[in-house]
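Comments concern the structure below.
The values are calculated or read from the model by the stated rules, or taken from the named source; none is laboratory data. As the structure is a computational prediction, the values presented were derived from the model and not from experiment. A quick note on method: Cβ atoms are made from the backbone with ideal geometry, for glycine too, and the neighbour counts reach across all protein chains shown. Please note that ligands, DNA and RNA were not included when accessible areas were found on the heavy atoms of the full protein model with its side chains. Shrake-Rupley method; radii C 1.70, N 1.55, O 1.52, S 1.80 Å.
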Amino acid sequence: MKSFAFAKAWATELALPLWSGVGFDMARGLFHERLDFERNPIALPATRLMVQARQIATFSRASLAGWHSGSETVLAACLANVERLYHRADGHPGWIFSIDPYGKPASRVRDLYAHAFIIYALAWSHRLTGDPHAIRLADETLAEIDVTLAAPLGGHLDASPSSDPTRRQNPHMHLLEAVLALYEATGRERDLVRAGALVELATSRFIDAEAGALLEDFAPDWRPLQPRGHNRVEPGHQFEWYWLLGEYRRLGGAIPEEVTDRLLDFGLDHGIDQESGLIVDAVTETGSMLSPSFRSWPHAEGVKAFVTAAKSGQSGAAQMADHLLASLLTFCPDMLEGGWIDRFDADGAPMVDHMPASTLYHVMGALLEAEQLA
């Protein structure tokens, strides 16, 4: 991959030092959520569990891969802080959504997306440190999900309490990612069985059988939320699910190639802007444009997908992975020295005024996958 050497140097020399240095609040022992374009932390009224979990997992992975060193002790202390501040912080099962600047609960909502990421962080932290407490806490969290976010007809509620009845694929996707990481850390059959139930939910409910498109939003009974031709499909998630189902297959699960190939084909056919070569934010299941803007993370997920396709021998996949890696780097201009402009409109104008820390999870995920083709 022509772009890989530059991308790895950017990550190891600029991005990882930035987000573990300026991006880490030593006084609180937590990661900052945002930096401005001068690379200064932005004060916010609340700090989300999801961001802390993503950063812990990402730096654990970077350390294990030899891309970053010297942060193991800081990561262990950060994870301990996160457990103390977020887990059962209001005296009830589960993890609160966010804390205020003083460490008190800001939102007591139990959010499936955030719970998935703390399990993911615990799995990767265990692989880095060998600490058995991380696995015990991951298991406790799964049990809490089963109780606090229980839902009929498969899957889980997005959040509790919540007045929004919409059910979404996205948190379930990340729960699958977390459970697979847990399985790889433990080798326990029960973790792979749980992953299999989420895969079955995806193939029976999330993926439109006619188009091969992965829908985003559903009614409480898992019917598509909108009439046909009006449902949101995010090409980045087409690619992310292709990669994730490939991981399920790699770890011993069975999934028909027709299902995964159609996910990849739909993303290619309908998700890439022909003029710029960038991945658009959203279309419908019939391919109509919904959001012609561009975000960084779909390009990271596209890299992962096409690395997986290349490893299976698909013609042209390695070249497409390299193209998308080069595209991802266009969101990371030199002037930001390890940062990014996360989103552009259809005309190429920035749509954000800050750098979200959570993007690092996507970028590093792409680079660590791309190393397999380097």
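Only helical runs count toward this figure. For the chain, summing -39,500 (n - 2.57) over DSSP H runs of n ≥ 4 and dividing by all residues gives -15500 deg cm²/dmol at 222 nm. Solvent-accessible surface of the chain, taken per residue with a 1.4 Å probe and all protein chains present: 40 Å². Free of any trypsin sites (Lys or Arg not before Pro) that DSSP assigns to a loop and that have at most 12 other C-beta atoms within 10 Å, the longest stretch within the chain is 3-227.
Of the chymotrypsin sites (Phe, Trp or Tyr not before Pro) in the stretch 58-156, the ones in a loop by DSSP (not H, G, I, E or B) with at most 10 other beta carbons within 10 Å are 102.
From the square roots a ≥ b ≥ c of the eigenvalues of the alpha-carbon gyration tensor of the stretch 127-263, which class results: rounded (a/c under 1.5), prolate (a/b over b/c), or oblate? In terms of gyration-tensor shape, oblate. Within the accessible surface of the stretch 242-289, defined with a 1.4 Å probe on protein heavy atoms only, the carbon and sulfur portion equals 45 percent.
When the surface is traced with a 1.4 Å probe over the full set of protein chains, residue 32 keeps roughly 40 Å² accessible.
Remark: the Cα gyration tensor places the stretch 219-309 in the oblate category, a/c being 1.5 or greater and a/b not exceeding b/c. For the pair the stretch 47-61 / the stretch 236-253, the C-alpha centres are spaced 21 Å from each other.
Once the GluC sites (Glu not before Pro) in DSSP loops with at most 10 neighbouring Cβ atoms within 10 Å are cut out of the chain, the longest remaining piece is 39-209. Shape class for the chain: rounded, because the ratio a/c of the largest to smallest gyration tensor axis (alpha-carbon atoms, square roots of eigenvalues) is under 1.5.
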